[in-house]
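This report refers to the structure that appears directly beneath it.
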Amino acid sequence: GSDSLIDICTEALVLMAAALSLNLLLGYTGQISLGHSAFFGLGVYTTAVGVTRWGWSPFWTMPVAFLLAFVVGVAVSLPALRIKGVYLALVTLALALVFPAFIKWPKIEWLTQGARGIDQTGFKFSKDNPTYEVFGWNPWGNLRGQNVKPLYYWAGVVIVVVIYLTCRGLVKSRVGRSLVAIRDNSTAAAVMGVNLPVTKGLVFGLSAAMCSLPGCLTAIRTGTVTPDTALMTVAGSIVFLVIMVVGGSGSLWGPIIGAALYQFITEKTGDWTEPNKIPGLFRPIFGWSDTAPGSGIFALALILLMFVAPFGVVGLWKQLVVKIVTVVPRPAGTSSVPQTESAPADA
C-alpha cells in the first residue's frame, strides 16, 4: 500500500491496542476509567526519555514502560477499591487532567523538556543499516532511512496481537469468570470467594500496562512528542472509551472493529472543512462547520447505536446472525451415534 495507507492502518492499530486494554477494565470488570490517556502518555514519555537521554533502543523501552505503567496503575487502583460508578470516573478523570500538567512541571523539565517536547524519539536510521528479507521479500520497508513506515506497521500488529491474546487468555479462564462476576455483582463475587481488592488492583495495573505499549509505538513513529499530543489528553481517554462502546463493550472484537470504523470515518471526512469537498447529500448538514466532522459523526453513531444496539456493532451483528442461523443443541441424553434396531425381547 501507499505511505498514507500504511500511516492510517498504523494509527488504527494504536487505537485498537488502547481500546482493548480499556475494554479489559471497563467491559469485563465494570471499572470506569477516564484516565487511560495518562497511561498512554506514560508509555510515550518512557520511550522518549529512554531513547534521547539514556540511548536505549526504542523497542527495549516497551518492557520498561509496561512495568512502570503497571506499578502506577496498581497505585491508582488503591483509592478506587472503595468507590465505583461516577466517583471512580472522577478519580481517573483527575489523573487524565493532571498528567499533561505534570509533564510541564518546571521541577522535572530537565527530564521531560516541559512544553517544548522531545525530538528524535524514534530509531536513528542510516545508509549503513542492513536490510532483512523473508524468503526474498522485505516487509519492513527501507531501513536505510528512506521509508520505515512498514516497520512501524508490523510493530503495531504485534502489539495488538499480544494484547488481544492476553485479554482472551484472561477472559476465557477462571480469572475471566471472576472479572465478570465482579462486574455483574461484586457482593455476590466476594461471597463466592473472589478476592476483590487483589483482582481489581491487578486488572487495573495490567490494563494500564497494556495501554502504555501503543504509547511507546506513537513516540517511535512520530519522532516528536509534546504534552499536548491529542491522545495524551482527556480527549484521548474519551476517544478510547467511545471506540470501545461503539465496537462493543465486553467483547474481544469490539474494540478492534470500533477502532477501524473510527479511523475510517475520520480519514474519509478529514477534508470536509471546505464545502466543495463534502458530498452533495451531506453538504447541507456539515457545510456550515469549519472543522472536520469525523468525530461528530462518530458521536452521532454512538447515540444511534445506544437506541438500536446498546451492545455495539458486535452485539448488533450477533442479533442479526441469530435471526438467520440458529444452532440447536442436541437434547441431553441422546447419542450422536445412530442406534440400530434392537432385537425383540424374549417372551
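The rows are residues; the columns are (1) buried (at least 24 other Cβ atoms within 10 Å of the Cβ); (2) under 30 Å from residue 184 (Cβ atoms); (3) in contact with a Lys or Arg (Cβ under 6 Å, 6 or more places away or on another chain).
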{"residue": "20", "(1), (2), (3)": "yes, yes, no"}
{"residue": "24", "(1), (2), (3)": "yes, yes, no"}
{"residue": "32", "(1), (2), (3)": "no, yes, no"}
{"residue": "60", "(1), (2), (3)": "no, no, no"}
{"residue": "69", "(1), (2), (3)": "yes, yes, no"}
{"residue": "78", "(1), (2), (3)": "no, yes, no"}
ask   = Inside region 50-85, can you point out the residues that are touching a Gly at 6+ places or on another chain (Cβ under 7 Å), within 22 Å of residue 29 (Cβ to Cβ) and free of Cβ contacts under 8 Å to residues at least 40 places away in the same chain?
value = none
key: residue 37, sole failed condition from (1) among the hydroxyl-bearing types (Ser, Thr, Tyr); (2) surrounded by fewer than 24 Cβ atoms within 10 Å (Cβ to Cβ); (3) under 16 Å from the mean Cα position of the chain (by Cα)   = (2)
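Given the condition closer than 22 Å to residue 35 by Cβ, at pLDDT 90 or above and either open to solvent by 70 Å² or more (accessible area, probe 1.4 Å) or not in a helix (DSSP H, G or I) (or both), answer yes or no: does some residue in region 198-215 qualify?
Narrowing region 198-215 to residues closer than 22 Å to residue 35 by Cβ: 198-215.
If we keep only those that are at pLDDT 90 or above as well, we get 202-215.
In the following step, the residues that additionally are either open to solvent by 70 Å² or more (accessible area, probe 1.4 Å) or not in a helix (DSSP H, G or I) (or both) were identified as 202.
Yes.
Enumerate the helices (runs of 4 or more DSSP H) found wholly within region 1-108, keeping only those where 2 or more residues are over 22 Å from residue 257 (Cα atoms). Before the answer, list the steps.
Working: elements: 3-26, 36-54, 61-80, 86-103.
Passing ranges, in order: 36-54, 61-80, 86-103.
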note = Matching residues in region 1-42 (of a type in the set (Val, Ile, Thr) and under 19 Å from residue 92 (Cβ atoms)) number 2
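For every residue, the table says whether it meets (1) surrounded by 14 or more Cβ atoms within 10 Å (Cβ to Cβ); (2) in contact with a strand residue (DSSP E or B) (Cβ under 8 Å, 6 or more places away or on another chain); (3) more than 23 Å from residue 209 (Cβ to Cβ); (4) at pLDDT 80 or above.
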| residue | (1), (2), (3), (4) |
| --- | --- |
| 115 | no, no, yes, yes |
| 124 | no, no, yes, no |
| 127 | no, no, yes, no |
| 132 | no, no, yes, no |
| 136 | no, no, yes, no |
| 142 | yes, no, yes, no |
| 150 | yes, no, yes, yes |
| 155 | yes, no, no, yes |
| 166 | yes, no, no, yes |
task = For residue 88, indicate whether it is surrounded by 24 or more Cβ atoms within 10 Å (Cβ to Cβ), out of contact with any Gly (no Cβ under 9 Å at 6 or more places or on another chain) and aliphatic (A, V, I, L, M).
result = no
ask   = Before we move on, is residue 43 small (Gly, Ala, Ser) and either more than 14 Å from the chain's Cα centre (by Cα) or open to solvent by 60 Å² or more (accessible area, probe 1.4 Å) (or both)?
value = no
key: Any chance residue 315 is modelled with pLDDT of 70 or more, open to solvent by less than 100 Å² (accessible area, probe 1.4 Å) and not in a loop (DSSP other than H, G, I, E, B)   = yes
key: Selection within region 172-185 - open to solvent by 30 Å² or more (accessible area, probe 1.4 Å) and in contact (Cβ under 8 Å) with a residue 60 or more places away in the chain   = 180, 183, 184
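Only one of 264, 307, 240 is surrounded by fewer than 13 Cβ atoms within 10 Å (Cβ to Cβ), modelled with pLDDT of 80 or more and among the aromatic types (Phe, Trp, Tyr). Can you tell me which?
Within the list 264, 307, 240, the selection yields 307.
The values are calculated or read from the model by the stated rules, or taken from the named source; none is laboratory data. Source: prediction; values computed, not measured. All Cβ positions, even for glycine, are placed from backbone atoms using ideal geometry, and neighbour counts span all protein chains on display. All accessible areas refer to the heavy atoms of the entire protein, side chains included, with ligands and DNA or RNA removed. Shrake-Rupley method; radii C 1.70, N 1.55, O 1.52, S 1.80 Å.
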